[in-house]
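Quick note: the coordinates plus some simple rules give every number you see, no bench work behind them. Here the structure is a predicted model, which means the values were calculated and not measured.
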Ligand code: ADP
C-alpha cells in the first residue's frame, strides 16, 4: 500500500511512530552497551589491581624471608574480596596454591594471569571472578528496555493518533461545509475556528474568496438582468410599431414613419449590444491587450475636432488646451479614443446651450493628466460614487431621452483599468463636472 494514499492522520502517526521507535531503539542500545562495557571493565580492572597487589605482596614477603610462602598466599587470599579466586602455578604448571572458591562454570568468568619472578623460581598467578552479577544486571536492563520501548511507542502512537485526529477535525468540518456551498448559496460562509493557526487563516482566506465570488456572481447576474431589461424596451417598441403599421392599410407616409421609428430603435439597440459585448469581452479578457505607443496629443486633438460640430450645434463652447510637445503613452489607440469620446459626449449631452467645455492635456513627471471639464448640470453628491457602475443613470428619465443606457462611464472605467490608469470625478463648486484621467507616460 502506498503511504501517500493514506489519510493525513494515519500518515502523521506512522511517521511519528517510526521516528520515535528508531530513536528509542538507538537510545536503548546505547544505554545497554555502555552499561555492559562499564560493568565488565570495572570487574577486569579490579582483578588486575588485585593481581598486581598480590605480586607486590609476594616480593615483600620474600624479602622479609617469610618461611612459608604458601601460608602467606593464603593470608593474602583472606584479604581478597570473597568472590575472587586465586590459583598459583609453579614453573612446571603444577598448582601451588588455590583458595578453592570457584563455584561457577568457566565460561562465566573473567580472568587475569600474572607471571611473578620469585627468587626460588617463577610462579604464575591466575585470578578469576564470576561475571554473573554483571551479566544479571545487563540482562535485566536488556529485558526492561525491550519491554518498555514497545509499550512506550504504543502509548505514544495512540496519543499521536488521537492528537492529530483532534487537530484535523476542523478540516473535516470545513470540507463538509464547503461541500454544501454552491452558486445558489454563495452568501454562506465557513465557520472560522478561533485557533489563530493555519486553519483559521485557511478558512478566512476561503471566506474572502467566497465573498469575492459572491460579489462577482451578483455583478454578473445584475448585469444580465439589466441588459435583458434594457433590450426588452427597444424590441417591444419595434414590435408595436410593426404590428401597428400592419394592422390596416395605411398611407405611405405612415409606413415611412413606422419604419423610421424601427430604424431608430434598431440603431440604439445595436449600440447597446455593442456596449454589452465590449464589457463582456473586457470582463473575460485575462491578459492586458498588446499595447502600442499612442500619441495622446494628436488623439485628443482629433476627438475634439470630431465632436466640435456636435457642441457647436448645441451652442456650447469647446476649448481644447494641448501642450506643444507630443505625449506618448502605452495603450490601445482605439480604446483611448473611445474613452475620450464617452467623456466628451457626456459633457456635451449634460451641458445646456451656452455652456462651456474644456479639455486639457498636461504631463508632470511620469504621468499624463487628461481633464474634461464642463459647466453642465453636474452630478449630485450622492450619485458620484455610482456613476461608473453599469446601467447607472443619475436620472433615468432624463438621460434616456438623450440615448444613454448608463454604460458609457462603465466602459470608460474598463478601458482605464486595462491601461494601469485611474479616473476620478472631481467636484466643482460652480456646478458641472470634471473627469480627470491619469495615465503613465510611456518609457
Ligand atoms: P449614459 O450613457 O447614460 O450617459 P454614462 O455611464 O456615460 O451613461 O453616465 C452615467 C450617468 O452619469 C449619466 O446617466 C449621467 O446622469 C451622469 N453623467 C455622466 N457624465 C456626466 C456629465 N458630464 N455631467 C452630468 N452628468 C453626467
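Determine the equivalent ellipsoid of region 292-440 by diagonalising the alpha-carbon gyration tensor, then write out the semi-axes as square roots of 5 times the eigenvalues, largest first, rounded to whole Å.
24, 18, 14
Between 0 and 90 degrees, rounded to the nearest ten: what's the tilt of helix 198-247 against the longest Cα principal axis of the chain?
20
Just to check, using Stokes-Einstein with a Kirkwood Rh over alpha carbon pairs, what's the diffusion coefficient of region 13-147 at 37 °C and 0.692 mPa s in µm²/s?
Answer, rounded: 188 µm²/s.
Taking the Cα atoms of region 158-232 alone, what are Rg (to one decimal) and Dmax (as a whole number) in Å?
18.0, 68
Quick one: Cα convex hull volume of region 187-276, Å³ per residue?
Value for region 187-276: 77 Å³ per residue.
With a ≥ b ≥ c the root eigenvalues of the C-alpha gyration tensor of region 252-338, is it rounded (a/c under 1.5), prolate (a/b larger than b/c) or oblate?
Oblate, because a/c is 1.5 or more while a/b does not exceed b/c.
How many angstrom separate the Cα center of region 358-375 from the Cα center of region 52-120?
117
With springs only between Cα atoms under 10 Å, which of 394, 183, 129 fluctuates most in a Gaussian network model of the chain?
129
Sort region 265-308 into rounded, prolate or oblate with this rule: let a ≥ b ≥ c be the square roots of the eigenvalues of the Cα gyration tensor; rounded if a/c is under 1.5, and if a/c is not under 1.5, prolate when a/b is larger than b/c, oblate otherwise.
Taking the square roots of the gyration eigenvalues as a ≥ b ≥ c, region 265-308 is oblate.
How large is log10 of I(q)/I(0) for region 194-338 at q = 0.10, 0.14, 0.19 Å⁻¹ when the intensity is taken from the Debye formula with one equal scatterer per alpha-carbon?
-0.73, -1.01, -1.15
Per-residue ellipticity at 222 nm for the chain, helices alone: DSSP H runs ≥ 4 residues times -39500 (n - 2.57), over residue total, nearest 500 deg cm²/dmol?
Counting only the DSSP helices, I get -20500 deg cm²/dmol.
If you average the alpha carbon positions of region 323-337 and of region 4-44, how far apart do those two centres end up, in angstrom?
74
Compute the helix-to-body angle for 252-284: its Cα long axis versus the longest principal axis of the chain, expressed 0 to 90° and rounded to tens.
20
Tell me, what does the Kirkwood hydrodynamic radius of the chain come to in angstroms if you use every pair of distinct C-alpha atoms?
That comes to 33.0 Å for the chain.
Find the centroid of the Cα atoms in region 167-246 and in region 248-291, then give the distance between the two in whole Å.
Cα centres, region 167-246 to region 248-291: 30 Å.
Using bins 5 angstrom wide from zero, how does P(r) for region 1-88 break down, in % of all Cα pairs?
2, 11, 14, 11, 8, 7, 6, 5, 6, 5, 4, 5, 5, 4, 3, 2, 1, 0
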